[in-house]
């Protein structure tokens, strides 16, 4: 069964540094998402992406964040200047294009980001 | 605005007991999806079920069952004859139904289930 793949599984970065989290969504999916989960808390929506542009974003997704689909397969989340509070698990998800699809969003296994 | 409430922060049961995880939601949408996800200690999110708001039929899958009651805006999850491997955080989630557009999920805060041997 196709999977959403995220790399790396764990990223350790110094505060103030830029970090890029990578995701390979399922190949025929058209909608892409990033979620964040601070340790011990709930999963929070960051941004959705469709047709090469942001569809929706949450209050968390400020100017320090950006997303990109640089080629036909990768979907990246960039944090420009990381802060301690950016430490979290970041989940990528994708969903298919079908109208009224029964398919849920498919989640990757997450990237644990640790800011020192 | 959408909101999902899981009032039970932590539940502990002894193996083979039945356990029900509560989920209450708020939405202005007339049609929507409800979900349950399991997050084991390894951290990944495992999809368990999706329910359409216009389908109130309860569902059973093995030891798992779900009780959807639109009148009380609840979507409760019951594990029958719990096992140690059921120990995880369980999240209830909600999304609007909008064909042809992104459907972000709103998650509850999760319930930590511990099944003791």
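Overview of values
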| read-out | value |
| --- | --- |
| Subset of the range B:5-33 [within 11 Å of chain A (Cβ to nearest Cβ), surrounded by 18 or more Cβ atoms within 10 Å (Cβ to Cβ) and at pLDDT 95 or above] | B:6 |
| Test: residue in the range A:49-66 that is farther than 29 Å from residue B:7 by Cβ, buried (at least 21 other Cβ atoms within 10 Å of the Cβ) and at pLDDT below 95 | yes |
| Of the criteria (1) within 14 Å of another protein chain (Cβ to nearest Cβ); (2) more than 21 Å from residue A:109 (Cβ to Cβ); (3) touching a residue at least 24 places away in the same chain (Cβ under 8 Å), which one residue B:36 fails | (2) |
| In the range A:23-34, the residues that are surrounded by 11 or more Cβ atoms within 10 Å (Cβ to Cβ) and either over 20 Å from residue A:80 (Cβ atoms) or touching a residue at least 60 places away in the same chain (Cβ under 8 Å) (or both) | A:23, A:24, A:25, A:26, A:29, A:30, A:31, A:32, A:33 |
| Flag for residue B:114 being more than 13 Å from the chain's Cα centre (by Cα), part of a strand (DSSP E or B) and more than 9 Å from chain A (Cβ to nearest Cβ) | yes |
| Near pairs, Cβ below 8 angstrom, 6+ apart or cross-chain, from the range A:50-69 (within 14 Å of chain B (Cβ to nearest Cβ)) to any residue that is surrounded by fewer than 10 Cβ atoms within 10 Å (Cβ to Cβ) and assigned to a loop (DSSP other than H, G, I, E, B) | A:69/A:52 |
| Test: residue in the range B:89-102 that is farther than 30 Å from residue A:56 by Cβ and in contact with a strand residue (DSSP E or B) (Cβ under 6 Å, 6 or more places away or on another chain) | no |
| Which numbered condition residue B:68 misses (of (1) in contact with a strand residue (DSSP E or B) (Cβ under 8 Å, 6 or more places away or on another chain); (2) in a loop (DSSP other than H, G, I, E, B)) | (2) |
| The range A:24-40 - residue that is within 14 Å of another protein chain (Cβ to nearest Cβ) and outside any loop (DSSP other than H, G, I, E, B) and, of those, modelled with the lowest pLDDT | A:31 |
| Exclusive hit being buried (at least 17 other Cβ atoms within 10 Å of the Cβ), over 18 Å from residue A:95 (Cβ atoms) and either away from chain B (no Cβ under 14 Å) or in contact with a strand residue (DSSP E or B) (Cβ under 7 Å, 6 or more places away or on another chain) (or both), set A:43, A:19 | A:19 |
| Enumeration of residues in the range A:6-16 that are away from chain B (no Cβ under 12 Å) and out of contact with any helix residue (DSSP H, G or I) (no Cβ under 8 Å at 6 or more places or on another chain) | A:7, A:8, A:11, A:12, A:13, A:14, A:16 |
| Some residue of the range B:55-64 being out of contact with any helix residue (DSSP H, G or I) (no Cβ under 6 Å at 6 or more places or on another chain) and touching a residue at least 24 places away in the same chain (Cβ under 8 Å) | no |
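For (1) under 13 Å from the mean Cα position of the chain (by Cα); (2) under 26 Å from residue A:38 (Cα atoms); (3) part of a strand (DSSP E or B), each residue gets a yes or a no:
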residue	(1), (2), (3)
B:16	no, no, no
B:35	yes, yes, yes
B:43	no, yes, no
B:50	yes, yes, yes
B:75	yes, yes, yes
B:81	no, no, no
B:89	yes, yes, yes
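The values are calculated or read from the model by the stated rules, or taken from the named source; none is laboratory data. These numbers come from a predicted model, not from an experiment. Cβ atoms come from the backbone with ideal geometry, glycine included; neighbour counts cover every protein chain shown.
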